[in-house]
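Have a look at the structure below, then the notes.
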Amino acid sequence: MVSSPQKTAAPAPAGASARAMNFKPVGGWPVAATPMRSVNLIVIHCSATPNGRWVTSEDIDSWHQQRGFARNPALIGFNEPALKHIGYHFVIYTTGAVRIGRGRAEVGMHAYGYNLLSLGVCMIGMDRFSLAQWDSLRENITGLLKSYPNARVCGHRDLSPDVDGDGVIERWEWLKECPCFSVEDWLARGMQPLPENILADPPAPSPHPSPGERGGVGSLMRPSREAA
Ligand SMILES: [Zn+2]
């Protein structure tokens, strides 16, 4: 004789009601409940825009749209849903504000051959960044390393091929300059920038925020926090 399901079902964990165990939200679990993606690399970039110029995530989103980048609509969730193309996970504005691009669960589009297991952080500027930006970079990377303690932190240019095989990516081997400062030196100095990479006159935010900028700079998060 076949037993009834009630009699054969595994006992519910203490405190878990049958109702809670059977709960499944309409449309699937929210993005915040998805497992974290494996990350073994954190890549720092610069936007390669003039030092101190006011550039926003919306600007980057349109540039990345032109390059054909696209986010996976199924993973966007609450992470800047208006930005459909941006390839970075974080953007650090000239004011030091940190803005989320892609959520951590999304594979980025920022370092050819390394996107699958990495996160991309972009500093707005060329090779000089405000002290507020440097503070935010330190806070951002420190926070990410708590989530991914075994991740390597490097600059985009450090992912260039080691042409002569000596184990060091030398200047002549760089495919590009990005992020235009030595991440290795920055780490070795306890995440403090070299004087030549500091923007002396901190820029004022643009009086004309980009279209789509909600509430201007004051609405930006600092330090970074994200939902996924
Ligand atoms: Zn880059």
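Of note:
- For segment 35-219, the residue among SER147, VAL183, VAL163 whose Cα projects farthest onto the positive side of the dipole built from Cβ charges is SER147.
- For segment 38-89, trypsin sites (Lys or Arg not before Pro) meeting the loop criterion (DSSP other than H, G, I, E, B) and having at most 16 other Cβ atoms within 10 Å: ARG53, ARG67, LYS84.
- Cβ-defined net charge surrounding ILE86, 13 Å radius [Lys, Arg +1; Asp, Glu -1]: 0
- Charge dipole magnitude, Cβ of K and R +1, D and E -1 - segment 60-126, Cα centre, debye nearest 20: 40
- Maximal additional length on extending the ASP201-SER160 stretch stands at 11.5 nm, based on 0.36 nm per residue less the C-alpha distance.
- Projected label points at SER182 and SER62, each 7 Å from Cα along the beta carbon direction, are separated by 3.8 nanometres.
- Gyration tensor over alpha-carbon atoms, segment 35-219, equivalent ellipsoid semi-axes in Å: 24, 21, 16
- Length gained on full extension, VAL168 to GLN192, computed as 0.36 nm times the residue gap minus the Cα-Cα distance: 6.4 nm.
Every number in this text was worked out from the coordinates using simple rules, so none of it is lab data. Just so it is clear, the structure is predicted and the values come from calculations on it, not from any experiment. For neighbour counting, all protein chains shown are included, and Cβ atoms are generated from backbone atoms with ideal geometry for every residue, glycine included.
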